[in-house]
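What follows is calculated from the coordinates using simple rules that are stated; it is not laboratory data. Just so it is clear, the model here is predicted, and its values are computed rather than measured. Counting neighbours? That spans all protein chains shown, and the Cβs are built from the backbone with ideal geometry, glycine included.
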Amino acid sequence: MTTTVYDNIGRLVTNDPSLGEGPLGIVRNASIVVEDGSVIAVGAAGQTADDRVDVEGRCVIPGFVDSHSHLVFAGDRSEEFASRMAGAPYAAGGIRDTVAATAAVSDEELLRIVAARRAEAARAGITTIEIKSGYGLTTASEHRLLCVAREFTSDTTYLGAHVVPTEFAGRSDDYVALVCGEMLAAASAAGARFVDVFCEVGAFDADQSRAVLQAGIDVGLIPKIHANQLGEGPGVAVAVEMGCASADHCTHLSAADVDALAGSSTVATLLPAADFSTRQPYADARRLLDAGATVALATNCNPGSSNTTSMSFCIALAVRDMGMTADEALQAATLGGAAALRRTDVGRLGIASVADLVVLDAPSHLHLVYRPGVPLIHATHIASRPH
Ligand code: NIG
């Protein structure tokens, strides 16, 4: 088996305090040896291997783990975005426009669109990505979207309960029955790993959300929830009660919500680019961290509330407007994302981790915040392969 050394790393973030300085486990003047896509050694510069990649003193960080994305969609809602910037409120209903646009393209075209978007995300340093369905809303179309998502990741999420489709207007419980019945069976057959529900006014209420998550749990899926995005509500309480891997958004939290997250293993996944694009207040990451909650940052790439693949942008917003330090934000975008996906093999660079790494065109990760908007991703390697 061929080994490769990434050598001459000016500053290496491992996310393993036993390997280096501080919570980020920073090693200066470092090298990493990889074999068969996994890390087999972390140490001082100058380790030897069959092949050598000289990163010329740059900073290397674990690849970003984007634990919340809606990458499978077609169409464009830039007009909706523009009217929001002019003062219109964000509402869940725009999802139906994307459902129609996605239904209008062929499977081949959808695959091409998603491949381009995944490549864009890789260029932005995203090495692990979760991808949701949710722009189908029929049994056949949710199955189709999950099959497309599976082409790009094993971390796929069934989000049939994204919004109530027009044909079920006034009959949302009938739609929930479909989501929990034949649509769930199709999602499971398509290899979904997680089940998700949008618990919000205009989408699904607490009891409907519980029903969807329990049905998913019963067939072996891991629950997640869109919670407390547009206002305070029952989402976070449901997340903790149902043992969700993550409660995503968490923009509007009560003191009880913060305490509940802190006392649970549910990760609070914050989506600052969605708060930016919907003119919501930013989630209070400081309050969550101080209470002891685990926080993840994710892009929430989707056509309505957050059309970006830039984790660097999310990190900059989290530091500027959500009370996180740059160290905390980087950790939330890597290790935090891994926790939200219940994975221990990514989000860190240590023995036996996947060799997912990002070389920054910068001497340290602080530049992700210090130089906002500048393309600092010099190279992205997934399982040690350049992308
Ligand atoms: O996470 N909140 C629900 N789903 C997406 C928005 C989807 C859309 O507007 O198309 C979100 O923000």
Amide H contacts of Asn307 (H built 1.01 Å from N, under 5 Å, at least 5 apart or other chain): Asn302
Stretched out fully, how many nm does the piece from Arg320 to Ala177 gain, at 0.36 nm a residue minus the Cα gap? 47.2 nm
Tell me the angle of helix 139-150 to the major Cα principal axis of the chain, expressed in degrees between 0 and 90 and rounded to the nearest ten. 0
Might you report the magnitude of the Cβ-based charge dipole of segment 65-340 about its Cα centre, with Lys and Arg at +1 and Asp and Glu at -1, to the nearest 20 debye? 480
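When Met85, Met322, Met1 are ordered from fewest to most other Cβ atoms inside 10 Å of their Cβ, what list results? Display every interim value, and only then the final one.
Values: Met85 10, Met322 25, Met1 6.
Going from sparsest to densest Cβ surroundings: Met1, Met85, Met322.
Where Lys and Arg each count +1 and Asp and Glu each count -1, what net charge lies around Arg342 among other residues with Cβ under 13 Å from its Cβ?
The answer is 0.
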Cα→Cβ-extended label distance, 7 Å offset, between Glu35 and Gln214, nm: 5.0
Rounded to 5, the percent of DSSP beta bridges in the chain classed as antiparallel: 45
Multiplying the sequence separation of Glu120 and Arg342 by 0.36 nm and subtracting their Cα-Cα distance, what value in nm do you get? 77.5 nm
Report Rg/Rh for segment 148-239, rounded to two decimals, where Rg is the Cα radius of gyration and Rh the Kirkwood radius. 0.96
Mean projected area, convex hull of alpha-carbon positions in the chain, reported to one decimal in nm², is 17.9
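Regarding segment 96-147, what is the average projected area of its C-alpha convex hull, in nm²? Walk me through the intermediate numbers first.
Details: hull surface 15.1 nm².
Average of the hull's projected areas for segment 96-147 equals 3.8 nm².
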Would you kindly calculate the translational diffusion coefficient of segment 80-230, applying Stokes-Einstein with the Kirkwood radius from alpha carbon pairs, for 4 °C and a viscosity of 1.567 mPa s, and quote it in µm² s⁻¹ without decimals? 81
I'd like the Karplus ³J(HN,Hα) series for segment 211-225: coefficients 6.51, -1.76, 1.60, θ = phi - 60°, whole numbers in Hz, and an x wherever there's a Gly or Pro. 4, 5, 5, 5, 4, x, 4, 4, 9, x, 8, 8, x, 9, 8
Summing -39500 (n - 2.57) over the DSSP H runs of n ≥ 4 in the chain and dividing by its residue number, what mean residue ellipticity at 222 nm do you reach, to the nearest 500 deg cm²/dmol? -9000 deg cm²/dmol
When the chain is fully extended, how far beyond the present Cα-Cα distance does Glu21 get from Val105, taking 0.36 nm per residue of separation? 25.2 nm
